[in-house]
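Read through the structure below, which is laid out as structure tokens, and then see the notes.
The values are calculated or read from the model by the stated rules, or taken from the named source; none is laboratory data. Everything numeric here is computed off the predicted structure, so don't read it as measured data. When we count neighbours, we look across all protein chains shown, and the Cβ atoms used for this are built from the backbone with ideal geometry, even at glycine. All accessible areas refer to the heavy atoms of the entire protein, side chains included, with ligands and DNA or RNA removed. Shrake-Rupley method; radii C 1.70, N 1.55, O 1.52, S 1.80 Å.
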Amino acid sequence: HNSAGLLERELELAQVTADIDEASEGRGGLRVVQAPAGIGKTSLLNAANEVASERGLRVLTARGSELESSFAFGVVRQLFEPALYQATADERAAWLTGAAELVEPMFDHSQPLERLGAGDADYPRLHGLYWLCANLARDRPLLLSVDDAHWADDPSLRFLHFLTSRLEDLPVLLVVGTRPGEEALSDLVPMLVSGPAARNLSPAPLSIDAVVAWVRSALGAEAEDEFCRACHAATNGNPLLMSELIREVASERMAPTASEAARVEALGPQGVSRVVLLRLGRLP
């Protein structure tokens, strides 16, 4: 239910928008959005990407994946490869000039991948990636958006760490979405998000008022208070679980009445998470 994607996220979006404006003026930085699964980090990052695009920034995006966390520089390659492959020969030459030449082999598909091993995450390569960022940002300000950083590969995280201490004088904003530290596959994630450069946002679960508004927009304005409260209790205000619950309620053709509230409570977080697990099971 897309209209709920940014419910109660106005403050967070305003803060990221302020970061985007600062980066546009040459004062880059790191913004971390840290919250448990289903709270809406991805929606917030997507909204930030749209704002940045509208304001003329070049937006490069990547997403960590449990299945790809062992691929060295996987997240870095996701960030830069599309821009490099869509570039004209002149643009590519300008971006890979100076110290950025050091990383040209990373984006050359004729190079065997094993040459990009994690053991190679040395200073010249990090330095080269930094200069690739600086050269890209010379054309126009840059937003680097990394979602699910808790699953990012170590060499990419090392680069993000390297970059954050050098952003102040660049028109580059790095936005990182991640889960709480204990869910990170790498110790580098807590180091990144707790570093001195990090500005942290922790979006909260939805309030009862937001859940009432969502239920009434999805199921009808006549949805009763007790039913709405039961939806909030069943999901603890988690937006992902709320969207699953709304879907289940709709498919069961449950009326949003006080008398049906007990059925929602019976679904409970377990019933809702069962739906989520079934849905995930059907995904590739």
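Only one entry in 33, 51 is free of Cβ contacts under 8 Å to residues at least 60 places away in the same chain, outside any loop (DSSP other than H, G, I, E, B) and either of a type in the set (A, V, I, L, M) or farther than 15 Å from residue 177 by Cβ (or both), namely 51.
Among the numbered criteria (1) open to solvent by 30 Å² or more (accessible area, probe 1.4 Å); (2) touching a Phe, Trp or Tyr at 6+ places or on another chain (Cβ under 9 Å), which single criterion is violated by residue 54? All conditions are met except number (2).
Look at residue 122 and say whether it is at pLDDT below 95 and either hydrophobic (A, V, I, L, M, F, W, C) or over 24 Å from residue 84 (Cβ atoms) (or both). Against the criterion (at pLDDT below 95 and either hydrophobic (A, V, I, L, M, F, W, C) or over 24 Å from residue 84 (Cβ atoms) (or both)), residue 122 does not qualify.
Going through (1) part of a loop (DSSP other than H, G, I, E, B); (2) open to solvent by 60 Å² or more (accessible area, probe 1.4 Å); (3) in contact with an Asp or Glu (Cβ under 9 Å, 6 or more places away or on another chain) one by one, residue 61 falls short only on (1). Only a single item in (1) modelled with pLDDT of 95 or more; (2) over 16 Å from the mean Cα position of the chain (by Cα) is not met by residue 67, and it is number (1). Inside the stretch 25-38, can you point out the residues that are open to solvent by 50 Å² or more (accessible area, probe 1.4 Å) and either within 15 Å of residue 165 (Cα to Cα) or of a type in the set (Ser, Thr, Tyr) (or both)? Matches in the stretch 25-38: 27 only. Selection of first residues in the stretch 77-95 that are without any contact (Cβ under 8 Å) to a residue 12 or more places away in the chain and more than 14 Å from residue 142 (Cα to Cα) and of second residues that are hydroxyl-bearing (Ser, Thr, Tyr) and surrounded by fewer than 16 Cβ atoms within 10 Å (Cβ to Cβ), restricted to Cβ pairs under 9 Å at least 6 apart or on distinct chains, gives the following pairs, ordered by first then second residue: 92/85.
For the stretch 122-160, taking the residues that are outside any loop (DSSP other than H, G, I, E, B) and basic (Lys, Arg), the one that is least open to solvent (accessible area, probe 1.4 Å) is identified as 125.
Name the single residue, out of those in the stretch 198-214 being within 16 Å of the chain's Cα centre (by Cα) and part of a loop (DSSP other than H, G, I, E, B), that is surrounded by the most Cβ atoms within 10 Å (Cβ to Cβ).
203
Selection within the stretch 165-186: residues that are open to solvent by less than 20 Å² (accessible area, probe 1.4 Å) and among the polar types (S, T, N, Q). The member of this set that is nearest to residue 53 (Cα to Cα) is 178.
When the stretch 64-95 is examined, which residues are found to be outside any helix (DSSP H, G or I) and open to solvent by 60 Å² or more (accessible area, probe 1.4 Å)?
If the condition is that a residue be outside any helix (DSSP H, G or I) and open to solvent by 60 Å² or more (accessible area, probe 1.4 Å), then 70, 71, 88 are the ones that fit.
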